[in-house]
Structures are given as structure tokens and as C-alpha cells.
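The values are calculated or read from the model by the stated rules, or taken from the named source; none is laboratory data. Quantities reported herein were computed from a predicted structural model and do not represent experimental measurements. Every residue, glycine as well, gets a Cβ built from its backbone with ideal geometry; the counts of neighbours run over all protein chains shown. For the accessible areas, the whole protein counts, side chains as well, though only heavy atoms, and no ligand, DNA or RNA atoms are used. Shrake-Rupley method; radii C 1.70, N 1.55, O 1.52, S 1.80 Å.
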Amino acid sequence: MKRILILTLSCIFLMACAGGALKLRKSVPRGTWFDVDKKYRYLSQTKEMRLNAFFDVPFKESSETKNIYNAVVMTPMGSPFIYDFDIKSGSLYKKTQNCEYEDSWKRYGGDLFSPNFSVGFIPGYLDQLGQKQEVYIFSSKGALNEYERYKDNVYSIRLLGGGVEQFCDSFPCGSRSKWLSRMVLYAVIDGDESFSQVQNLDDLKKKVDWEKAKAYMENFRGSTIETSGEIRPAYRLLNDVDLTKTLDFIARTNHIFSFESSRSMQKSCHALYDYVWSNVENIRETEKIRKGEKESKYRKLTKKPSLKGNVYNGEIKANRSKKELARVHAKKFHKFFKYFYQKYRSEFMTCSKFVQMSSINDDVERHWFFSYFASYFQLESLGYVYSCSKGSWVENPVLSSGKKFYNARALLHTCSDEELEKAFDRSITVMSGNKGNNRAHYRYIEYDSGIGGSHNKMYSWVYESGKKLSCEKKRDEHIFPEDVTWSPISPEKINLKDGYIF
């Protein structure tokens, strides 16, 4: 899977071209990703068509040179802040502020603060874990750390090789299987004369303070902070991989979004979102009709998303048959949701990673409905399941057989409208609890404000691992807007705030 870049950012983290030797992109492509129906259109602060760097920028300008790629810089060398990029909204956003901390592995003797390299990603590329293909970019001091306002921060880079990065959620991860592995790339700015003689990883390690760079790579995403205050490592870098093997590996294992495949996926996901919303509206209408009156017609999904698991796969499929759709009784939300969960859960989870579900500027009610709707599936992805009989979200551990302890579909089968609707509101409560306990969660960003923020309107969920810098100050920020609540679909009054356990 892959990604792309480009956005107008505040001067605090945008970079400038430093001298004629640097090869910046020759032209800025026109943003087409958000040039869609107004239900999904995202505009810039100046009401211009927004550019989604992940999908609008090509990963290469030419196929003539095998190791020259485009890269989107998220965190520039020497930056006082750490940034990330949200694919759905096409926005760069601040994750945290840098501060002085020690190496969690206790191998590097000095203090760590800001990186001596830049952190970026390759547009349109997804790595082996389905995440943005990240690249660590080395350059001279003047190349990227002059924070002047530019419309894009896409640079031409020259790949040197890669390395195996591993993540451990709860250290120590005794067996190799408990470490999640992916390939990260190493590169230099193409055209930076100071690095013109650097042709491979050995040359790079002689040129830069590699010991410090590696320590930063293994720590800047955070560590596990125990309640006792003990700091446990969460990331590590293993074997270096030369350029030839790196290019071969990412060609075989990465997912690459072409212009055609990404737009086909987008249309398919829009069809899925429209399908959900039209049925929710229809159910709300039907709930208002007195018993015995004519029932509203069931809305059909005209195009099935061509997705499988967490990757794009193939072309748009044929329409669902009337016989298959007729099995659903649209009068009740819980029946529709059970059907949707069984048939389209995988496709929806994929869509929600890459394609924004609605524009708040077009339909506020629809936007907040999908924000809650997505949180249900996001919490499941974090290892929870909702039990209607208990009225709570419970952890759903993986057994040694590979199966989950609870059968989510079986638990869902017993839910009524009133019981099911509580799950959406209570998913926010569990997310908030996870944040407070430094566990993996999602947080919703309306506007990335504050010192160092991108000042982008996002209206999007972003993933947080729960790992922290040991020096990081606790932030009392809410993971979801406090003035937004779930709008009940069932006519009965639903008490959303009592009786939940997590």
C-alpha cells in the first residue's frame, strides 16, 4: 500500500529549497483526489481544491532511474515537533513536541532531542503492515530545516537501502512472532552536493552520526511507560538491507496505488458509504411510520467495494442480487447492521483507512453519524468486542489457536436496536480510557491547532499507539468533541451513559 503528499502548511514545519543544487519537484500536480461529489469534497482554508499528497503525487517522476523516488517529508531534520500524515484527509498533523530523553535501550550515551535526518514517506506506497512506506532522509543542514512557507514538501530522493524495523507492544516480546516487522528505507536528497559521494549504506554511516540516528529511529515514536515509571523499549532496528535487495523486497511485498486503482477504490468506497447512509435515513423514516402503514423501500448497494482485507484488490464487482438483499429487513437498525457487519465489514474497515466518509461542510448529521459508526469498527480492530447482554465493550483476546475468545457475530446476533446503539457511544468512552492508560487508541482531530500545529481542518480519526516519549508532558486533550453525541436511530429513548464496563 502507498501514499502521497502535498499540502499548504504553517511556516513552522514547511521547508524551503536550500540552494540550486537541491532538486525539488519540477511542478506541483493539481489536486484531483478531492475533486468529487460535494458529500466528500475537502477544500483548503482558502476554499481551493485540496491536494492529497498520498494519492495525488506520483511515487516516481521517471522509470529511467531505479532508485530515484518522490518522498513527502513529515518531520524535517532538526524539527522541534514530530508530525504524521493522515491519508484520509490528506493532512499533515502534529503528534507531539520533541523534548530531551534517553535511549530506552540504554545503548546511546547522550540525550536525544530532534532528529539528524528527516522522516518522510513514499507517495502511494503501503508497506508490509499496510502502513505508509516510511523513509529516513539524510541531507545537509540547509536542505530541509529552513521553515519557510512552501506549497508542498515533496522532494526527489535517492534510495540507498533499507532496514528491518520491529515493534513490540508489551515489552519484552519473548518470541520473534510477537515482534511486528516492516521495512524502512534510507535515502539522501537527490542533488544535495554534500551527499553526492554517498552511494550506499556504508558510505552513509561514515558521513553522518549513525549511532545517534539509529537511537533516534528506535525512540522517537515513543516507548512503553510503566505505571512505576519504568521505560520499556517499543521499537528496534535490525539488519541492514542493501539497495538491490531492498528494491526487490518492496516490489514483491508492498502495495502500490496507481492512479486508476486508487480512484476505482474511492468510487467503490463512496458507493458503500452512500449505501449505509441511505439505509439509515430510510430506517429513521420507517420508524416514524405507524404500524400497518406502507413500509419504505429497502435501498440497495449498487456497487460492492472491490476490497479485500486491508488492501485494494481487483476491479469493482457486480451488483448484489435482489434475492441476497431481500434477506435484510430495513425497518430495524440492528437487522441492517448485522447484515452489513456480515457482508461488508472487511470492505468498510479498508475504506475507512483511506477514504474520508463525508464532508462536514455538506451534511453535519451524516458526518457525525459516520464518525461514531467508524469508531465501532476501530475499537474492534484494537481487540475489543461489544456484548449487548453486558451492555459493555470487553477485551477479546486471541487464543493460541489464532481465533478470538469471543465470536463477535454471535454476540451481535442477540442485540436489539436499543442495546446496539449504546455500543457506538460507549466506544468513545473506551477509547478515552485507553488513552488515559497509554494503550492503543484512536483520537479525532477537528482542527490541528496550537503551537507547531499544521492548522489544517481534518475532521478525521487518527491512530495512536499509546507509546510516549519519556519526557513528554501529559496532555488533557479529549479524543472526541465533547459537544457531539450519538443521535439515536431507534424512537425509544436510549440511556447512553449508564452501566458500561470496560
| query | Restricting attention to segment 336-357, does a residue exist that is in contact with a helix residue (DSSP H, G or I) (Cβ under 6 Å, 6 or more places away or on another chain), open to solvent by 10 Å² or more (accessible area, probe 1.4 Å) and of a type in the set (A, V, I, L, M, F, W, C)? | reply | yes
| query | Pairs, please: C-beta under 7 Å, at least 6 apart or cross-chain, first residue farther than 12 Å from ALA440 by Cα and in segment 381-392, second in a loop (DSSP other than H, G, I, E, B) and of a type outside the set (Phe, Trp, Tyr)? | reply | VAL385/ASN396; CYS388/THR414; CYS388/CYS415; SER389/THR414; LYS390/ILE501; GLY391/GLY499; SER392/ILE501
| task | Would you check if LEU159 is open to solvent by less than 10 Å² (accessible area, probe 1.4 Å), in a strand (DSSP E or B) and touching a residue at least 60 places away in the same chain (Cβ under 8 Å)? | result | yes
| message | Against the definition (in a loop (DSSP other than H, G, I, E, B) and of a type in the set (Val, Ile, Thr)), how does THR244 come out, yes or no? | response | no
| note | Being acidic (Asp, Glu), open to solvent by 10 Å² or more (accessible area, probe 1.4 Å) and touching a residue at least 12 places away in the same chain (Cβ under 8 Å) narrows ASP127, ASP84 down to just ASP84
| Any hit, segment 94-106, residues being more than 20 Å from TYR216 (Cα to Cα) and among the charged types (D, E, K, R) | no
| When you scan segment 211-241, how many residues do you find that are in contact (Cβ under 8 Å) with a residue 40 or more places away in the chain and in a loop (DSSP other than H, G, I, E, B)? | 7
| query | Which number in (1) of a type outside the set (S, T, N, Q); (2) farther than 20 Å from SER156 by Cα; (3) not in a loop (DSSP other than H, G, I, E, B) marks the one condition that GLY124 misses? | reply | (2)
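Conditions (1) of a type in the set (Gly, Ala, Ser); (2) more than 20 Å from ALA251 (Cβ to Cβ), marked per residue:
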{"residue": "VAL164", "(1), (2)": "no, no"}
{"residue": "ASP192", "(1), (2)": "no, yes"}
{"residue": "TRP210", "(1), (2)": "no, yes"}
{"residue": "ALA215", "(1), (2)": "yes, yes"}
| In segment 460-483, which residues are in contact (Cβ under 8 Å) with a residue 40 or more places away in the chain, open to solvent by less than 50 Å² (accessible area, probe 1.4 Å) and over 25 Å from TYR216 (Cα atoms)? | SER460, TRP461, ILE479, PHE480
| said: I'd like to know if segment 37-49 contains one or more residues that are modelled with pLDDT under 90, part of a loop (DSSP other than H, G, I, E, B) and on the phi > 0 side of the Ramachandran plot. | reply: yes
| said: Restricting to segment 33-81, count the residues that are touching a residue at least 60 places away in the same chain (Cβ under 8 Å), among the hydroxyl-bearing types (Ser, Thr, Tyr) and over 28 Å from TYR216 (Cα atoms). | reply: 2
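Do we have SER79 as over 20 Å from ARG182 (Cα atoms), within 16 Å of the chain's Cα centre (by Cα) and assigned to a loop (DSSP other than H, G, I, E, B) here?
Here the answer is no, as SER79 does not meet what is asked.
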| note | Heads up, the strands (runs of 3 or more DSSP E) in segment 367-475 (entirely inside) with at least 3 residues that are under 18 Å from the mean Cα position of the chain (by Cα) are 441-447, 457-464
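If you scan segment 431-459, which residues turn out to be acidic (Asp, Glu) and open to solvent by 20 Å² or more (accessible area, probe 1.4 Å)?
GLU446
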| query | Among the residues of segment 81-103, which ones are touching a Gly at 6+ places or on another chain (Cβ under 9 Å) and over 22 Å from VAL154 (Cβ atoms)? | reply | THR96, GLN97, GLU102, ASP103
| Is there a residue being aliphatic (A, V, I, L, M), within 22 Å of TYR186 (Cα to Cα) and modelled with pLDDT under 95 anywhere in segment 223-237? | no
